[in-house]
Amino acid sequence: MAIRAFIFDLDGVLVDTAKYHFNAWQRLANSIGVDFTIEDNEKLKGLSREDSFDLILKWGNKSMPAEEKQEKMLLKNDWYLEMVKAMDASEILPGISAFMDEARAMGIKMALGSASRNAPLILEKTGLIQYFEAVIDGNQTTKSKPDPQVFLLGAKALGVNPQEAVVFEDSEAGIEAAITGGFKTVGIGIPENLPKAEILFTNLENITPKQIISKLTP
């Protein structure tokens with residue numbers, strides 16, 4: 001089946017907002033007496049805000065009433081947004097703009113599939129919004145990766161079957177979600193973190209859509 005669409009994760013694939021998430025989560029974790037490291041932050045990739053905070057509480061052997069949890073998560077998001085609001089096109093990762101320009105010229109449909117509820121704001125701030133026919137984010141989903149819901153909604157919005165779409169992901173949970181949903185997969189990162197990705201690149205600099213399609217098409 002021919003490849004007709006690309007579905008991209010946001011953080012770590014198109015832009016590097018992991019540093020902002022790390023700063024905000026670390027600030028929140030430390031405020032409740034829980035240590036939080038870069039390695040911990042890696043484990044939150046692809047997870048929803050709620051699932052991320054539940055993990056932090058588990059690591060710290062903490063419990064918290066639901067209402068207080070919501071307040072803490074909103075506080076974390078406020079800190080994160082303070083940093084995100086200063087983003088611009090300079091934060092787009094290497095090779096992304098050229099890659100997406102070529103994909104658009106080829107007629108490939110593109111969607112975003114991200115757990116981030118702030119995805120629309122980030123796309124607007126960086127100018128990447130122009131490339132997407134559909135944006136599926138944490139505001140429209142009820143299940144976190146590795147559930148494939150976000151990618152299935154993206155494929156539906158683009159009018160393609162999962163087998164006709166390639167998912168670009170930097171998290172193990174995201175790759176697992178794509179595989180479960182029946183999508184082709186491109187990992188962005190290092191082999192140790194993404195062993196199940198069909199093909200893998202450290203980033204998309206000097207990579208073309210034609211190369212991707214060639215590698216994924218029998």
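Between L74 and E102, what FRET efficiency comes out of the Förster formula 1/(1 + (r/R0)^6) with R0 = 25 Å and r the beta carbon distance, rounded to 0.05?
On the way: r = 40 Å, r/R0 = 1.58.
Taking R0 as 25 Å, the efficiency between E102 and L74 is 0.05.
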### Query
Which whole-Hz couplings ³J(HN,Hα) result when phi for each residue of region 181-196 is put into the Karplus expression 6.51 cos²θ - 1.76 cosθ + 1.60, θ = phi - 60°, listed in order with x for Gly and Pro?
x, x, 8, 7, 10, 10, x, 10, x, 10, x, 4, 8, 9, x, 9
#### Entry: Amide hydrogen neighbours beyond the local backbone of V15, cut-off 5 Å, H modeled
L93
### Message
Connecting C-alpha atoms closer than 10 Å in a GNM of the chain, tell me which of I136, I38, I188 has the biggest fluctuation.
### Response
I38
## Note on the structure
FRET efficiency for L81 and S31 from the Cβ-Cβ distance with R0 = 22 Å, rounded to 0.05, comes out at 0.80
### Query
Which links in K125/K184; K62/K196; K19/K143; K72/K184 stretch past 31 Å when you go from one Cα to the other?
K62/K196; K72/K184
### Whole-number accessible area per residue in Å² for the chain, which is evaluated in the context of all protein chains at 1.4 Å
46
#### Entry: Rg [Å, one decimal], Dmax [Å, integer] - the chain, C-alpha atoms
17.1, 52
### Message
List residues of region 153-188, by number, whose backbone nitrogen lies under 18 Å from a label position 7 Å along Cα→C-beta of W59.
### Response
171-174
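Report, to the nearest whole %, how much of the accessible area of the chain belongs to carbon and sulfur atoms, 1.4 Å probe, protein only. Kindly include the intermediate steps, with their values, before the conclusion.
Numbers: 4960 of 10110 Å².
It is 49 percent, rounded to a whole number.
Give, in nm to one decimal, the length gained when the segment between D88 and I129 is fully stretched (0.36 nm per residue of separation minus the Cα-Cα distance). Can you show the working numbers first?
Working: separation 41, 0.36 × 41 = 14.76 nm, distance 1.22 nm.
Taking 0.36 nm per residue and subtracting the Cα distance, the gain is 13.5 nm.
Quick check: convex hull over the Cα atoms of region 1-116, volume per residue in Å³, rounded to an integer? Don't skip to the end; give the middle numbers.
Numbers: hull volume 14.9 nm³, N = 116.
Taking the convex hull of the Cα positions in region 1-116, it is 129 Å³ per residue.
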### Message
If amide hydrogens are placed 1.01 Å from N in the peptide plane, which non-local residues have theirs closer than 5 Å to the one on L200?
### Response
G187
#### Entry: K215-R117 pseudo-label distance in nm [points 7 Å out on the Cα-to-Cβ vector]
3.5
### Task
Taking the chain as the reference, fit the longest principal axis to its C-alpha atoms, fit the long axis of helix 49-59 to the helix C-alpha atoms, and give the angle between the two in degrees, 0 to 90, nearest 10.
50
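The values are calculated or read from the model by the stated rules, or taken from the named source; none is laboratory data. Bear in mind that the values here come from a model prediction, so they are computed numbers and not experimental data. Virtual Cβ from ideal backbone geometry, glycine too; neighbours counted across all protein chains shown. What goes into the accessible areas is simple: the full protein's heavy atoms, side chains included, and nothing from ligands, DNA or RNA. Shrake-Rupley method; radii C 1.70, N 1.55, O 1.52, S 1.80 Å.
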